[in-house]
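Okay, so here's the structure we're looking at.
The values are calculated or read from the model by the stated rules, or taken from the named source; none is laboratory data. Keep in mind that what you see is a predicted model, and the values were worked out from it rather than measured. Ideal geometry is used to build each Cβ from the backbone, glycine not excepted, and the neighbour counts take in all protein chains shown.
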Amino acid sequence: MEPSKTSRRGLLIVLSSPSGAGKTTISRRLMAADPTITMSVSATTRPPRPGEADGRDYHFVTDAEFERLVDEGELAEWAYVFDHRYGSPKDPIKDALKAGRDILFDIDWQGTQQLRSAFGNDLVSIFILPPSMEELHRRLRDRQTDSEDVIQGRMRRAAGEIGHWGEYDYVLINESVEDCLAEVQSIITAERMRRNRRPYLTDFTRNLVERPNN
């Protein structure tokens, strides 16, 4: 009998995309369908917004505390976003990997590179593309949350972000949220079964050879 799947090593899942390509929707539906996947809780220097709780939504820290985390190498990745700094603390990530828990990251290509440098094969990176730039513009416009100037800025940034698609393990085209979600779930299922994420297989196969008649 195969040992409990809880004995496998955890997985770090990065979902990246240009704004409007569907990353947030897919992330939420992925976690709703699989409660064993949790979103990484970042440290940030920005103040809490109404309804946000420290330790649940973010770890809210001062600029001085964030600088200390950077200087002491306690962040797996960090970046400036709109005049504030955001970063992923290493220790909770290490604990999750050892416990066989999967963590989802909403970071860009630069953060993905930093995270891969820190955790190597524990990371699976997925980039989500829109079916066309025209469709991306339509989706941004239909959200009705931004002015046309803001939308044009997002479109310009999208072109630069898409240029890094080749740095990801998997690249998906989000023509349908349902289909794209199913593809993400298939990737995660396969990645969980990789040999290096199931350390118990060493003892399991040894026992098969040593006790072939049992």
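Within the stretch 40-58, does at least one residue satisfy the condition of being on the phi > 0 side of the Ramachandran plot and without any contact (Cβ under 8 Å) to a residue 24 or more places away in the chain? Explain how you work it out, then say what you get.
If we filter the stretch 40-58 for residues that are on the phi > 0 side of the Ramachandran plot, which is where we start, we get 51, 55.
If we keep only those that are without any contact (Cβ under 8 Å) to a residue 24 or more places away in the chain too, we end up with 51, 55.
The answer is yes; a qualifying residue exists.
Hey, among LEU123, LEU129, LEU136, LEU140, which residue is within 17 Å of ASN174 (Cβ to Cβ) and at pLDDT 95 or above? Steps first, answer last, please.
Values: LEU123 fails: within 17 Å of ASN174 (Cβ to Cβ); LEU136 fails: at pLDDT 95 or above; LEU140 fails: at pLDDT 95 or above.
Answer to the selection: LEU129.
Take the residues of the stretch 120-150 that are buried (at least 19 other Cβ atoms within 10 Å of the Cβ) and of a type in the set (A, V, I, L, M, F, W, C): which is farthest from THR24 (Cα to Cα)?
The extreme case among them is LEU123.
Considering VAL171, VAL124, which residue is without any contact (Cβ under 8 Å) to a residue 60 or more places away in the chain, among the aliphatic types (A, V, I, L, M) and in contact with a strand residue (DSSP E or B) (Cβ under 7 Å, 6 or more places away or on another chain)?
Being without any contact (Cβ under 8 Å) to a residue 60 or more places away in the chain, among the aliphatic types (A, V, I, L, M) and in contact with a strand residue (DSSP E or B) (Cβ under 7 Å, 6 or more places away or on another chain) holds for just one of VAL171, VAL124, which is VAL171.
Could you list, in sequence order, the residues of the stretch 183-208 that are more than 18 Å from the chain's Cα centre (by Cα) and either part of a helix (DSSP H, G or I) or among the acidic types (Asp, Glu) (or both)?
Of the residues in the stretch 183-208, the ones more than 18 Å from the chain's Cα centre (by Cα) are 193-196, 198-208.
Result: ARG195, ASN196, LEU201, THR202, ASP203, PHE204, THR205, ARG206, ASN207, LEU208.
Tell me the residue from ASP106, ASP203 that is modelled with pLDDT under 90 and in contact with a strand residue (DSSP E or B) (Cβ under 8 Å, 6 or more places away or on another chain), please.
ASP106
Just one of the numbered conditions (1) in a strand (DSSP E or B); (2) without any contact (Cβ under 8 Å) to a residue 60 or more places away in the chain is not true of ALA118; which one?
All conditions pass for ALA118, except number (1).
Considering the stretch 151-182 alone, what residues qualify as being surrounded by 14 or more Cβ atoms within 10 Å (Cβ to Cβ), at pLDDT 90 or above, assigned to a helix (DSSP H, G or I) and β-branched (Val, Ile, Thr)?
Within the stretch 151-182, just ILE162 meets the criteria.
State yes or no: is ARG56 surrounded by 12 or more Cβ atoms within 10 Å (Cβ to Cβ) and within 18 Å of the chain's Cα centre (by Cα)? Spell out how you get there, then give the answer.
Details: surrounded by 12 or more Cβ atoms within 10 Å (Cβ to Cβ): no; within 18 Å of the chain's Cα centre (by Cα): yes.
Considered against the rule, which asks whether it is surrounded by 12 or more Cβ atoms within 10 Å (Cβ to Cβ) and within 18 Å of the chain's Cα centre (by Cα), ARG56 comes out as no.
When you scan the stretch 19-39, do you find a residue that is in contact with a Phe, Trp or Tyr (Cβ under 9 Å, 6 or more places away or on another chain), part of a strand (DSSP E or B) and either among the hydroxyl-bearing types (Ser, Thr, Tyr) or under 20 Å from LYS90 (Cα atoms) (or both), even just one?
yes
Residue by residue, here is whether (1) of a type in the set (Val, Ile, Thr); (2) farther than 30 Å from PHE82 by Cα holds:
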{"position": "MET155", "(1), (2)": "no, no"}
{"position": "ILE162", "(1), (2)": "yes, no"}
{"position": "GLU167", "(1), (2)": "no, no"}
{"position": "LEU172", "(1), (2)": "no, no"}
{"position": "ARG198", "(1), (2)": "no, yes"}
